[in-house]
Amino acid sequence: MSIQWFPGHMNAARRQAQEQMASTDLVIEVLDARLPEASRNPMVEELRKQRSRPCLKVLNKADLADPVVTAAWSAFYDAQDGVTAYAMTTKKPADVARIPDMCKKLAPHRGTAEKPLRIMIMGIPNVGKSTLMNALLKKRVAKVGDEPAVTKAQQKLYLGQNIVLVDTPGMLWPKIEMASDGLMLAASHAIGSNALIEEEVAEFLAGVLLARYPQLLAARYGLKTEGMDNVAVIEGVAARRGFRVRGGEFDYEKASHTLLQDYRTGALGRISLETPETRAVALARHQQEVAEQERIAAEKAAQRAADAARGKRGSVQE
């Protein structure tokens, strides 16, 4: 399944962010700790690097992610130039309270009343940007919702006299290159329900759980996962929860929704959908697929050119 979701207002959001970056000292990029790279908008990296802005990568929802995997991601990002990673949850005020000092360390030349530290908060829809903004300011100033793309325009707000915060609309990028990224985003509700087939997303999630967290499936649903495939997991959820339609067949749609909701809320346990290692493997596989597609396209183009040349020679001979 290819998931592409780029509403018209996303283009405007990108232009606004590009303009604002010129007067920004630091970027806070909010990522979903369960899928940091899949939830990382490459446009954010492009925009901040154009202006050489440091970045605090907030691995939000860390309370829902596998802590061992989150530690690996933190090390991965900390090794990058100008980047500091911070795993946290907006549910803990103490986690939020550490952010201003971390930002000041990344941009020590700013942060006074005369030269306030100008911070742009960026990220894709539904990763918790507005919730983080509200938590930092300790009041509700940014609209929060469980549906993606709630924030539609930039907001500039002051955190005391020394820090200015700019909240930007959640930006997706025009094309999600890897299908697995789209499925991870859909499973984590960063893409609206109108842009996906929920049963297919649930099957993808079931595959990840079978491969890496079978014990959580057993604990939550009482499933014996040995020998199961993705479809059997969802049918097992339906059987355990008594989800059936008229005629006695499993209610596959309801079971799929339940599996996704249990993952999203943390009822299944602390789960990460990707690790630095699985990401590297997925990228290598994607590059091979792209190279193969380019090879086939080149061969077809060469064949068309050869056919056209033969056709012209034949016309001349006639």
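The values are calculated or read from the model by the stated rules, or taken from the named source; none is laboratory data. Keep in mind the model is a prediction, meaning the values are calculated, not measured. Methodologically, a virtual Cβ is constructed for each residue, glycine included, from the backbone with ideal geometry; neighbour enumeration extends over all protein chains shown. Each accessible area value is taken on the protein alone, full model and side chains, heavy atoms only, with ligands, DNA and RNA left out. Shrake-Rupley method; radii C 1.70, N 1.55, O 1.52, S 1.80 Å.
Against the definition (within 30 Å of TYR263 (Cβ to Cβ) and at pLDDT 90 or above), how does ALA62 come out, yes or no?
On the way: within 30 Å of TYR263 (Cβ to Cβ): yes; at pLDDT 90 or above: yes.
When the stated conditions are applied, ALA62 passes them.
Taking region 132-160 as the region of interest, how many residues are open to solvent by 50 Å² or more (accessible area, probe 1.4 Å) and modelled with pLDDT of 85 or more? Walk me through it before giving the result.
Step one: filter region 132-160 for residues open to solvent by 50 Å² or more (accessible area, probe 1.4 Å), giving 138-140, 143-144, 146-147, 152-156, 158, 160.
Narrowing further to those that are modelled with pLDDT of 85 or more: 138, 158.
Of the residues in region 132-160, 2 are open to solvent by 50 Å² or more (accessible area, probe 1.4 Å) and modelled with pLDDT of 85 or more.
Under 9 Å between Cβ atoms, which residue pairs at least 6 apart in sequence (or on different chains) link something in region 15-39 that is within 21 Å of ILE176 (Cβ to Cβ) and modelled with pLDDT of 95 or more with a partner that is open to solvent by 10 Å² or more (accessible area, probe 1.4 Å) and among the aromatic types (Phe, Trp, Tyr)?
Pairs that qualify, where the first residue is within 21 Å of ILE176 (Cβ to Cβ) and modelled with pLDDT of 95 or more and the partner is open to solvent by 10 Å² or more (accessible area, probe 1.4 Å) and among the aromatic types (Phe, Trp, Tyr), are PRO36/PHE76; GLU37/PHE76.
Quick check on my filter: what residues within region 70-116 are β-branched (Val, Ile, Thr) and within 11 Å of LEU56 (Cα to Cα)? Show your work before the answer.
Taking region 70-116 as the starting set, the residues that turn out to be β-branched (Val, Ile, Thr) are 70, 83-84, 89-90, 96, 99, 112.
Within region 70-116, VAL83, THR84, ILE99 qualify.
Would you confirm whether or not region 203-213 contains a residue that is closer than 27 Å to PRO36 by Cα, at pLDDT below 90 and either surrounded by fewer than 21 Cβ atoms within 10 Å (Cβ to Cβ) or within 23 Å of the chain's Cα centre (by Cα) (or both)?
First pass over region 203-213, keeping only residues closer than 27 Å to PRO36 by Cα: 203-213.
When the remaining residues are screened for being at pLDDT below 90, the result is none.
Within region 203-213, none of the residues are closer than 27 Å to PRO36 by Cα, at pLDDT below 90 and either surrounded by fewer than 21 Cβ atoms within 10 Å (Cβ to Cβ) or within 23 Å of the chain's Cα centre (by Cα) (or both).
Among the residues of region 161-194, what is the count of those that are modelled with pLDDT of 90 or more, over 13 Å from the mean Cα position of the chain (by Cα) and hydrophobic (A, V, I, L, M, F, W, C)?
3
When both residues are 6+ apart or on different chains and their Cβ atoms are under 8 Å apart, which pairs have a first residue that lies in region 224-244 and is polar (S, T, N, Q), and a second that is open to solvent by 50 Å² or more (accessible area, probe 1.4 Å)?
Listed by first residue and then by second, the contacts come to ASN230/GLU203.
What tally of residues in region 68-83 results from selecting those that are open to solvent by 30 Å² or more (accessible area, probe 1.4 Å), at pLDDT 95 or above and in contact with a Ser or Thr (Cβ under 9 Å, 6 or more places away or on another chain)?
3
Within region 255-287, track down each residue that is among the basic types (Lys, Arg) and either surrounded by fewer than 17 Cβ atoms within 10 Å (Cβ to Cβ) or in contact with a strand residue (DSSP E or B) (Cβ under 9 Å, 6 or more places away or on another chain) (or both). Explain how you work it out, then say what you get.
Quick first cut of region 255-287, residues among the basic types (Lys, Arg) only: 264, 270, 279, 285.
Within region 255-287, ARG285 is the sole residue that qualifies.
Scan (1) open to solvent by 10 Å² or more (accessible area, probe 1.4 Å); (2) part of a loop (DSSP other than H, G, I, E, B); (3) within 27 Å of TYR158 (Cβ to Cβ) for the single condition ARG40 breaks and write down its number.
Single failed check for ARG40: (3).
What residue, of LYS57, LYS61, LYS92, LYS129, is within 30 Å of ARG212 (Cβ to Cβ) and touching a helix residue (DSSP H, G or I) at 6+ places or on another chain (Cβ under 7 Å)? Let's see the steps before the verdict.
Working: LYS61 fails: touching a helix residue (DSSP H, G or I) at 6+ places or on another chain (Cβ under 7 Å); LYS92 fails: touching a helix residue (DSSP H, G or I) at 6+ places or on another chain (Cβ under 7 Å); LYS129 fails: touching a helix residue (DSSP H, G or I) at 6+ places or on another chain (Cβ under 7 Å).
Residue meeting the stated conditions: LYS57.
Within region 15-32, is even one residue of a type outside the set (Asp, Glu), within 30 Å of LEU209 (Cβ to Cβ) and crowded, with 21+ Cβ neighbours inside 10 Å? Talk me through it step by step, then tell me what you get.
So in region 15-32, the residues of a type outside the set (Asp, Glu) come out as 15-18, 20-24, 26-28, 30-31.
Adding the requirement that they be within 30 Å of LEU209 (Cβ to Cβ) leaves 30-31.
Then drop every residue that is not crowded, with 21+ Cβ neighbours inside 10 Å, which leaves 30-31.
Looking for residues that are of a type outside the set (Asp, Glu), within 30 Å of LEU209 (Cβ to Cβ) and crowded, with 21+ Cβ neighbours inside 10 Å, one finds at least one in region 15-32, hence yes.
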